[in-house]
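Here is the structure we will look at.
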Amino acid sequence: MILSSLENVVFGYSDKPVIDGVSLEIHAGEFVGITGPNGAAKTTLLKLLLGLLKPWSGSVRINEEVLVDSRLNVGYVPQQVAAFNSGFPSRVLELVKSGCYPRLGLFRRFGAEERQIVERSLKQVGMWEHRDRKIGELSGGQKQRICIARALAGQPRVLVLDEPTTGMDQQSRQGFYQLLRHMTDQHGLTVIMVTHGPEEAETYLDRIISLEQQESEEWQCLTTRSCSVRFGPAL
Amino acid sequence: MLDYAFMQRAFWAGALIGSIAPIIGVFLMLRRQALMADTLSHVSLAGVALGAVLGWNPAVAGFVAAILGGLLIEQLRRSYRAYSEVPVAIVMTSGLALAVVLMSLRSNLSQSFSAYLFGSIVAVSDTQLVLMAGVALLGAMYFIVLRRPLYSLTFDEETARISGIPVTWLSFSFAVFTGMAVAAAIPIVGVLLVSSLIVLPASLALRLARGFAAAIMIAVASGLTGIFSGLTASYYLDMPPGGTIALILLLFLLAGIAGQKVRGWMARKNGRRATRPERDNGEFISMPAKDGESLSLE
């Protein structure tokens, strides 16, 4: 099932296009890496795929079957841990619990099921022991982990990660890719991950989408490489 | 002291605004908009001056101006996403300039403006008290019902938007409510000190609290304590209530900072490791969808 697709999409900021003529498809249950050099509009591509930005031209289609209450059930882990509000007066557990809020709405009680989900999410990222610590006391890698736990706590259909392994050592990165592979295989999660180093994640990814610069300096999705036999290339 | 009706009204007014203003302060400070209350009070003053010039009810004009100021700041914030303090500075200088010019048009009004500038909680009227009660009630409902989306919005606006929270609507409603609270608080401490009720308890709470709910509780508790003790001190020592309340809140903040420094110094002296980031050594674990464990969370 195709989850989201772009067809000949052009998008830019101010009057200059940064993405020109991109066409690609994301399949449900796929673990996709998006790569490209700095400034290659990778985050912009993510936002277009999620329908958060409207393209100048071309079309973005999101499969209605994956919408919950007319929105895509997405867990999002932002790019910059530095933007993480370190002075925010919150404990790790409080923050990860907030991942359940979109599902609970305004009034539904935070019950036993949600407690289990939060505990599992924290254990999956190896941060359960740190649950009572203030988030400002955590290291960069730990902050990244609790952002991931928070996204998982929302039990998303799609997990979108923008350079999620920043601040993690090599062993942690491998463990993290294994976890994402497990989430796609066993839980049917779709994972879209922007990464600078697709080589080390290659074993776990289904497909790598590379953004490359054209002569006109705009970025285009020129190559997609299939890493596993599960899904064919989109172009 | 509480035998006097004016002091009873003062304590009621203090309790109402002291329950709401510190909560607004926590959110404003975390959104890097600490000066918003100060700005809206100046805009409110411009509204009061405009009301006086045009023959409208100055209090109502000030109330409406504060709400419009909040909306304007929020709108400008969307144009200056990377510099959230810029809209506050623009609206503050504009509000003050407008107030000064409008006040000069009616020089005989400058005497009555001193009441707005410095406030007088002991002169709070029944109408002002009812207005304050209305704002406090609305605020309590607002923060209780929207506590979850407000938390997510304050932590990270982008993630909140992606998770489906109506960020624009929530931000504008918060700006409107802040304008209402500021306008209602002006009779207590005046334009010049209104942000003390909003910023000082929140500053203390953000230093001391380990969790978000604790921050809200510390802010409200210190705000109410400051207001009640300030009112009592001003009654017995014959001092202006607004300034006394603000100074007591400042003392609380200084005491909180000093207490933290002493605690850190004691910890170092005792050879204990001060709070600092630890190495992340937990491993990522792939778990089954349902493990059926008996789990407990505090």
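The values are calculated or read from the model by the stated rules, or taken from the named source; none is laboratory data. Owing to the predicted nature of the structure, the values given are computational and were not obtained by experimental measurement. Positions of Cβ are backbone-derived with ideal geometry, glycine not excepted, and every protein chain shown enters the neighbour counts.
Results, tabulated for the structure shown:
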{"quantity": "Residue among A:G51, A:G36 that alone is touching a residue at least 40 places away in the same chain (Cβ under 8 Å), under 17 Å from the mean Cα position of the chain (by Cα), surrounded by fewer than 21 Cβ atoms within 10 Å (Cβ to Cβ) and at positive phi", "calculated": "A:G51"}
{"quantity": "Filtered residue count, region B:224-246, keeping only those that are surrounded by fewer than 17 Cβ atoms within 10 Å (Cβ to Cβ), without any contact (Cβ under 8 Å) to a residue 40 or more places away in the chain and not in a loop (DSSP other than H, G, I, E, B)", "calculated": "4"}
{"quantity": "The lone exception for A:T166 - which of (1) surrounded by fewer than 18 Cβ atoms within 10 Å (Cβ to Cβ); (2) at the interface with chain B (Cβ under 9 Å from one of its Cβ atoms); (3) within 17 Å of the chain's Cα centre (by Cα) it fails", "calculated": "(2)"}
{"quantity": "Tally, over region A:118-142, of residues that are over 15 Å from B:F284 (Cβ atoms), more than 7 Å from every other protein chain (Cβ to nearest Cβ) and surrounded by fewer than 22 Cβ atoms within 10 Å (Cβ to Cβ)", "calculated": "5"}
{"quantity": "Unmet requirement for A:L95, which otherwise passes all of (1) more than 8 Å from every other protein chain (Cβ to nearest Cβ); (2) part of a helix (DSSP H, G or I)", "calculated": "(1)"}
{"quantity": "Matching residues in region B:170-187 - criterion: being over 18 Å from B:R32 (Cα atoms) and over 14 Å from the mean Cα position of the chain (by Cα)", "calculated": "B:P187"}
{"quantity": "Of residues in region B:79-88 being out of contact with any Phe, Trp or Tyr (no Cβ under 7 Å at 6 or more places or on another chain) and free of Cβ contacts under 8 Å to residues at least 12 places away in the same chain, the one surrounded by the fewest Cβ atoms within 10 Å (Cβ to Cβ)", "calculated": "B:A82"}
{"quantity": "Neighbours by Cβ (under 7 Å, 6+ apart or cross-chain): first from region B:145-164, more than 7 Å from chain A (Cβ to nearest Cβ) and part of a helix (DSSP H, G or I); second among the charged types (D, E, K, R) and surrounded by fewer than 20 Cβ atoms within 10 Å (Cβ to Cβ)", "calculated": "B:T154/B:R31"}
{"quantity": "Within region B:192-213, considering residues that are away from every other protein chain (no Cβ under 14 Å) and farther than 15 Å from B:I20 by Cβ, the one surrounded by the fewest Cβ atoms within 10 Å (Cβ to Cβ)", "calculated": "B:L192"}
{"quantity": "Residue list for region A:138-189, restricted to those being in a helix (DSSP H, G or I) and acidic (D, E)", "calculated": "A:D185"}
{"quantity": "In region A:1-16, the residues that are surrounded by fewer than 19 Cβ atoms within 10 Å (Cβ to Cβ) and not aromatic (F, W, Y)", "calculated": "A:M1, A:I2, A:S5, A:E7, A:N8, A:V10, A:G12, A:S14, A:D15, A:K16"}
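Every residue, every condition in (1) under 30 Å from A:V160 (Cβ atoms); (2) at pLDDT 90 or above, yes or no:
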site: B:E74; (1), (2): yes, no
site: B:A99; (1), (2): no, no
site: B:S104; (1), (2): no, no
site: B:L109; (1), (2): no, no
site: B:Y116; (1), (2): no, no
site: B:V124; (1), (2): no, no
site: B:V145; (1), (2): yes, yes
site: B:I165; (1), (2): yes, no
